[in-house]
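Below: the structure, in structure tokens.
The values are calculated or read from the model by the stated rules, or taken from the named source; none is laboratory data. Note that this is a predicted model, so its numbers are computed, not measured. Here the Cβ is made from the backbone with ideal geometry for all residues, glycine too, and neighbour counts use every protein chain on show.
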Amino acid sequence: MSLLDAAKADFRKKMSSELDYVDVAEWGNGEPARVYFRPAMTLKQQGQILALSEAGKKDEALALQLIFRCLDEDGKQQFQRSSLTELVRSVDADVIVRVINAMNEEEVDDEQLLGN
């Protein structure tokens, strides 16, 4: 198996694994809303987020990450790209940041384990 094949197999494994989730009390009706997500994104998605951030649109970059990562229990996107402006203007930024941090927490832990 080539290195590329191994890298692709690793990504397929991450993308087909069980969905992780974060509970968001503010988004629920009486009980927290459960937001599901995958442990990884494509490089293309990460590039779009980075491009917005580098263009000084960090608020849109955060909202786009939320759009890409928030899934329902069946793995379908909860937000559409057309929701970007509404997320930026009409949703509590602190909640968005907390949800994104929770989604990225596992990745940070892996980095810490590697000593980075």
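Miscellaneous remarks
- Considering residues of the range 50-85 that are acidic (Asp, Glu) and under 27 Å from residue 16 (Cα atoms) only, the residue surrounded by the most Cβ atoms within 10 Å (Cβ to Cβ): 72
- As for the range 1-16, it holds at least one residue that is surrounded by fewer than 17 Cβ atoms within 10 Å (Cβ to Cβ), within 21 Å of residue 102 (Cβ to Cβ) and at pLDDT below 95.
Every residue, every condition in (1) out of contact with any strand residue (DSSP E or B) (no Cβ under 7 Å at 6 or more places or on another chain); (2) basic (Lys, Arg), yes or no:
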| residue | (1), (2) |
| --- | --- |
| 7 | yes, no |
| 12 | yes, yes |
| 18 | yes, no |
| 35 | no, no |
| 44 | yes, yes |
| 72 | no, no |
| 78 | no, no |
| 90 | yes, no |
